[in-house]
Amino acid sequence: MDNLSRVVGRQVIMRKSGFVIVKCFLAAFLLLGPIIAGQAAGHVETDRRNALFGRDGLESIELVSDETDRWVEFLDSGMRYMVETSNLPNAAIAVVKDGNIVFLEGYGYADIEQSIQADPHASLFRTGSVAKIFTWTAVMQLAEQGLIDLDRDVNEYLDFELPGLIYGMGRRQQPLPVTMRHLLSHTAGFEDVLEGLFLLQEEDFMPLREYLVTRIPARIYPPGTVMAYSNWGTALAGYIVERVSGIPFGEYIEKHIFAPLGMENSSFSQPLPDRLADRLVKPYRLVDGRFTGGGFEYMPSPAGGLSTTAEDMARFMIAHLTGGGAIMGEESVRQMHSLLFTHHTLLGGMAHGFMEYTRNGHRVVYHTGSSMLYDAGFYMLPGTGAGIFMVYSGGDFSGHPGLFGNFMGRFFPPESRAHLIDDRDAVPGTFPSAPLALPNSELGGEYQQSRRIETGGDKLVNLLSMVMRVRPEGERELTVNFLGSDYRFIETERGIYTNLDGPTAYPLGPMQYIVLTTDPFGRLMLATDGPVTYIRMPFHTTAGFTIVLIVFAILMSLGTLVYFTVRGIDSLFRRKALTASLVQDAGPVSLTHDDGQSGSKSGSKSGSQSGSQSGSKSGSQSGSQSGSRPGGIWARRFILIHASLFLLMLVSLANSGRPDPVYLLPLSAAGITSPFTYLVAILPWILAPLSIAVIVWCVMAWKNRWLKKAGLIHYSLYTLSAAGMTWFFWFYNSFGL
């Protein structure tokens, strides 16, 4: 439900691995061209400039200045360009300034088949993790009323218990309690939870409490030490809202946020109520030159269940930018926007639920979000009274941060710092120790997200989700490979590296700096913008080691099957040749009695000698080479069965893990199973005891000399690969324990 989950993410698992369909640009343009052209004809320039998007009590609003006019022109052009070049089927944007909506626009078609254009007033989009800011607003409302204490142990609000111990690095520690501040800043220390995050079948969708109690994560960091983004933590906060208020979460949001702001076209209901269901835009993705539709995605409501319009989101932005409006007091808004945690003051961190960073001296308070089909960005510049909301389906999570970054570079350059609100020191004591000073040469390696899985069955996602690979260059520079691109960083202060290539389209911030520090277990950590950090991994947990291990196992399994198949065919032909030779050596049968006796004796003797010698020699060679002793025969059977099942496991993984071309995630990750899904769950339990048998027979084969030396070496290498893959299944929790 956020760009990180999709990785799992869409990018987490497969998104950046070549499954984003852009290869048919010409066909896409032919299909999308009439859409764009039809829209352009319907939106005359004067309509854009004066359009005044008043509805449901909103009065028509003139653009307030030439500067705002230039903003609108720039953002509208940027959205149109993104729709065309990224093959977006539908999109919408809202821009607010000084309490007014200054621009609303829809792009593409809400329903291509019915030729219904996307309408920023009436067309609903899913927003992924942008839904979280409503959860956090609800939390701050209840805190304002004294019903939630941000520093109280959250267990006191719950009817179930959080784990009492820290799990990680082989250690168990008694932690401090988790508080609402920890949930707001994503520093509660939970491991990630992917199971049940995205679902496509309503019958699989659980009530909020059931989702929480059936998927309680391990605690892998002490609270308040490491930012590790958590959907489960936000869902937990939503459940606390439900418990404290005494009404269901969605009903609370409807009553205390939507209704006061006039957000009549928004809902957390899943599926949507009848009055809104037919106005949800149909999500599409370009597949082989054609837009293919997707279905409704079910997500834990407080973490990603929002459906809304661009106009309604503009109302919500205005409330936050003008002191809270009808939903919150000005002091609570100020607190909500103030910095709560960061790993260094140069870096973007977490406000009270909002992400934040400073770009060109201007503070940005924002939240991004993604589902399998939709992407959204909610950006506010509190010092200017400006806010921008963008949403679309069928695209890429880098689209809206790229456009917003270009907007900031164009209209808020470094010299325009007049409106900077400096509230980053609002919560003292939230900054960890000074940057770590280490020689540049010691920083190389693979760094994985702090947002990681340690005990869940999706642990393998750690290898695929926004991994940083760092290569030292000289004494002061680093080359950082991230999201498929290389970035150059130079050390400007001890332990602080500056991006030489300029701000990125990283959805969690511009990644202008990297700061060296350590996690609570002493592992080297690279901190940058956003609610995740990057921790250097031991060699055995890296993608490189895993690839070598799997490739070695594949080669041994394929080689073993091919070798014994060829041997079997060769032995079959040898037996046929031997039989033919014996028949030929026996000679013709004489019709006379004497000759018959003579021939019989001669043939018998000759055949006996020949057969005995040939059979003895062949049998000796065959038995010696293939292991005719019972132990050798069983050893060969074990590795043949093991190799066959291991390759079946890989085929099952490939099929169950194959990304759907529309959702860009395996359908198994969205709750849709297949026979391959069950094989992936069952086969490790069969392969593990087989691996033990292979290991035992390997020891006995060496001890009893059941095989020739070459056979023993081959068997030992296969045993090594089988043991390695058993460790792999255990380490990555494939046994479901």
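The values are calculated or read from the model by the stated rules, or taken from the named source; none is laboratory data. Worth saying up front: this structure is predicted, and the values here are computed from it rather than measured. So basically every Cβ, Gly included, is an ideal-geometry build from the backbone, and we count neighbours across all protein chains shown. Calculation scope for accessible area: heavy atoms of the full protein, side chains included, ligands and nucleic acids excluded. Shrake-Rupley method; radii C 1.70, N 1.55, O 1.52, S 1.80 Å.
With a 10 Å radius around each residue's Cβ, average the other Cβ atoms per peptide and rank 353-361, 139-147, 267-275, highest first.
Values: 353-361: 22.0, 139-147: 18.0, 267-275: 15.7.
My ranking of the peptides, most packed first, is 353-361, 139-147, 267-275.
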Original post:
Relative contact order for segment 114-224: what is it in percent, counting Cα pairs under 8 Å that are at least 6 residues apart?
Top reply: 27 percent
Original post:
Per-residue accessible area for His362 at 1.4 Å probe radius, Å² rounded to 10?
Top reply: 10 Å²
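Within 10 Å of each candidate Cβ there may be at most 11 other Cβ atoms; applying that plus a DSSP loop requirement, which trypsin sites (Lys or Arg not before Pro) in segment 440-540 survive?
Values: sites: Arg451, Arg452, Lys459, Arg469, Arg476, Arg488, Arg494, Arg523, Arg536; in loops: Arg451, Arg452, Arg476, Arg494, Arg523.
The qualifying sites are Arg494.
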**OP:** Rank by packing, highest mean first: peptides 364-370, 566-572, 305-311, 714-720, with packing defined as the count of other Cβ atoms within 10 Å averaged across residues.
**Re:** 305-311, 364-370, 714-720, 566-572
Original post:
How far apart, in nm, are the 7 Å Cα→Cβ label points at Arg152 and Leu561?
Top reply: 6.0 nm
Subject >> Residue-level accessible surface for Lys576, protein heavy atoms, 1.4 Å, Å² >> reply: 120 Å²
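Once a ≥ b ≥ c are taken as the square roots of the eigenvalues of the Cα gyration tensor of segment 171-253, is the result rounded (a/c under 1.5), prolate (a/b larger than b/c) or oblate (a/b not larger than b/c)? Intermediate results must be reported in sequence, preceding the final value.
Values: a/c = 2.30, a/b = 1.44, b/c = 1.61.
The shape class here is oblate.
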**OP:** First measure r as the distance between the Cβ atoms of Ile633 and Phe731, then evaluate 1/(1 + (r/R0)^6) with R0 = 25 Å and state the FRET efficiency to the nearest 0.05.
**Re:** 0.15
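Taking K and R as +1 and D and E as -1, what net charge do the other residues with C-beta under 14 Å from the C-beta of Phe564 add up to? If you can, show how the numbers build up before the last one.
On the way: positive: Arg567, Arg636, Arg637; negative: Asp570.
Net local charge, Phe564 excluded: +2.
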Subject >> Cα centroid separation, segment 459-499 to segment 70-96 (Å) >> reply: 31 Å
Original post:
Between segment 311-372 and segment 233-291, what's the alpha-carbon centroid distance in Å?
Top reply: 20 Å
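Would you kindly state how much longer the chain becomes between Glu210 and Asp159 on full extension, computed as 0.36 nm times their sequence separation minus their alpha carbon distance, in nm to one decimal? Walk me through the numbers before you get to the answer.
Values: separation 51, 0.36 × 51 = 18.36 nm, distance 1.17 nm.
Contour length minus Cα-Cα distance gives 17.2 nm.
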Original post:
Can you give the FRET efficiency for Ile672 and Glu113, using 1/(1 + (r/R0)^6), R0 = 22 Å, r = Cβ-Cβ distance, to the nearest 0.05?
Top reply: 0.40
**OP:** Pull out the extension gain between Leu549 and Asn440, defined as 0.36 nm times the separation in residues minus the alpha carbon to alpha carbon distance; nm, one decimal.
**Re:** 36.3 nm
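Net charge near Gly146, counting Lys/Arg +1 and Asp/Glu -1 over other residues with Cβ under 14 Å of its Cβ? Mind dumping the intermediate values first?
On the way: positive: Arg152; negative: Glu144, Asp149, Asp151, Glu331.
Summing Lys and Arg as +1 and Asp and Glu as -1 gives -3.
Considering only Cα-Cα distances, which of the following residue pairs are longer than 27 Å: Lys132/Lys282; Lys97/Lys282; Lys576/Lys703; Lys97/Lys132? Please report the intermediate quantities before stating the final value.
Details: Lys132/Lys282 22 Å; Lys97/Lys282 30 Å; Lys576/Lys703 35 Å; Lys97/Lys132 23 Å.
Where the Cα-Cα span goes over 27 Å, the pairs concerned are Lys97/Lys282; Lys576/Lys703.
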Original post:
With Cβ to Cβ distances under 12 Å as the rule, what net charge do the other residues near Ile247 carry (K, R +1; D, E -1)?
Top reply: -1
